[in-house]
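Here is the structure we will look at, set down as structure tokens.
A short reminder: the numbers here are calculations on the coordinates, not readings from a lab. Quantities reported herein were computed from a predicted structural model and do not represent experimental measurements. Virtual Cβ from ideal backbone geometry, glycine too; neighbours counted across all protein chains shown.
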Amino acid sequence: MSHKAGFVNIIGNPNVGKSTLMNAFVGEKLSIITSKAQTTRHRILGIVNGEDFQMVLSDTPGIIKPAYELQSSMMDFVKSAFEDADVLVYMVEIGEKALKDERFFEKIKNSTIPVLLLLNKIDISEQGVLEEQVQYWQELLPNAEIHPISALQNFNVTEVFHRILELLPVGPAYYPKDQLTDKPERFFVNETIREKILQFYKKEIPYAVEIDTEEFFEDEKIIRMRSVIMVERDTQKGIIIGHKGAALKRVGIEARKDLEKFFDKQVHLELYVKVNKNWRNDPNQLKRFGYNN
């Protein structure tokens, strides 16, 4: 039996369900899911293995017009997703008209590889509206296969997965068959903490935050972690910590719960907050945090 393997890269505007879809395919929570836009900052690989296939899925940041250096780096991850894809998945939601950056949209229109346009969130749409949207996208992207789905409700997700499998090229696996992702353990510690900050804080706070896990020690019964929450201003540090440290304590408790599920082991998590001025526009700092690579 021939073996299939390939890169399936998911792109789209912010908050259309890309991370929800990849997590559903992989069966693990690899990407942050919140109601806020620009949740995903990196390109995150999720690897699905079978006896005769390896599907390397890639979740990417939502497409925006960059306002500062960090966002430019995020869009570089999206550009790279066009370069190595064997199948391109373009996710939109009901009522959406096009990508927020016309250059990316032109790349999809002129793509020479298979394009699947997934019309997401159909569970909150009426049938008439759905039919109009399908027709709209068929005219705009005649080269794309259109699949209505609900990533959140898992509607039509399995069918799309099998269609992608059909489109994968024949070839050997790119990664060991027991590998789930390309990211190290500390990355998922950072992302879990950042997810809690996205959930618990408002306005600019979540977007001014980066996490650096400085220590990660694992023994038979427990994992001990020490993570630093970087902010840009002293006022943001005060908000993160909260009155008598209550807000920071809440982040730590909720992050620890998720990390214990993820690692299936007891976790001891220490959190600290530091001011790292203007890190979002500092190329050296961005490189340190895994951007601008």
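I'd like the FRET efficiency for Arg288 and Leu140, computed as 1/(1 + (r/R0)^6) with the beta carbon distance as r and R0 of 51 Å, rounded to 0.05.
Efficiency, from the Cβ-Cβ distance: 0.80.
Give me, ordered by chain and number, the residues 5 or more places off Gly6 or on other chains with an amide H under 5 Å from its own placed amide H.
HN-HN under 5 Å from Gly6: Gln54, Val56.
Say the dipole of the stretch 168-252 comes from +1 at the beta carbon of Lys and Arg and -1 at that of Asp and Glu; which of Gln236, Pro184, Val170 then lies farthest toward its positive end?
So the residue we want is Gln236.
Using the Cβ atoms and a cut-off under 10 Å, what net charge is assigned to the surroundings of Leu165, where Lys and Arg are +1 and Asp and Glu are -1?
Details: positive: Lys4, Arg163; negative: Asp52, Glu166.
It works out to a net charge of 0.
Please list, in chain and number order, the residues 5+ apart from Glu93 or on another chain whose amide H is under 5 Å from its amide H, with Hs placed from the backbone.
HN-HN under 5 Å from Glu93: Asn120.
Residue by residue, what Karplus-based ³J(HN,Hα) values in Hz, rounded to whole numbers, does the stretch 236-244 have, using 6.51, -1.76 and 1.60 with θ = phi - 60° and x for Gly and Pro?
Using θ = phi - 60°, the values come out as 5, 4, x, 5, 4, 5, x, 5, 6 Hz.
Could you calculate the contour length gain from His243 to Leu180, that is, 0.36 nm times the residue separation minus the distance between their Cα atoms, to one decimal place in nm?
Taking 0.36 nm per residue and subtracting the Cα distance, the gain is 18.7 nm.
With each pseudo-label sitting 7 Å past Cα toward Cβ, what's the Glu132-Arg226 distance in nm, one decimal?
Using points 7 Å along Cα→Cβ, the separation is 5.9 nm.
Please list, or write none, the aspartates and glutamates whose alpha carbon is within less than 20 Å of the alpha carbon of Lys237, excluding same-chain residues fewer than 8 places away.
Glu191, Glu195, Glu204, Glu210, Asp212, Glu214, Glu254, Glu270, Asp282
For the stretch 214-293, what is the convex hull (Cα atoms) projected area averaged across all directions, in square nanometres?
For the stretch 214-293, averaging the hull's shadow over all directions gives 6.2 nm².
What are the semi-axes of the equivalent ellipsoid for the stretch 93-249, taken as the square roots of 5 times the Cα gyration tensor eigenvalues, largest first, in whole Å?
39, 24, 16
Would you please report the Å³ per residue occupied by the convex hull of the alpha carbon atoms in the stretch 173-268? The partial results should precede the final answer.
Values: hull volume 11.6 nm³, N = 96.
Considering the Cα atoms of the stretch 173-268, their hull volume per residue is 120 Å³.
For Ile223, enumerate residues with amide H under 5 Å from its amide H, sequence gap 5+ or separate chain, H modeled in the peptide plane.
Answer set, sorted by chain and number: Gln266, Val267, His268.
Measuring from label point to label point, each 7 Å out along Cα→Cβ, what is the Ile113 to Glu159 span in nm?
2.5 nm
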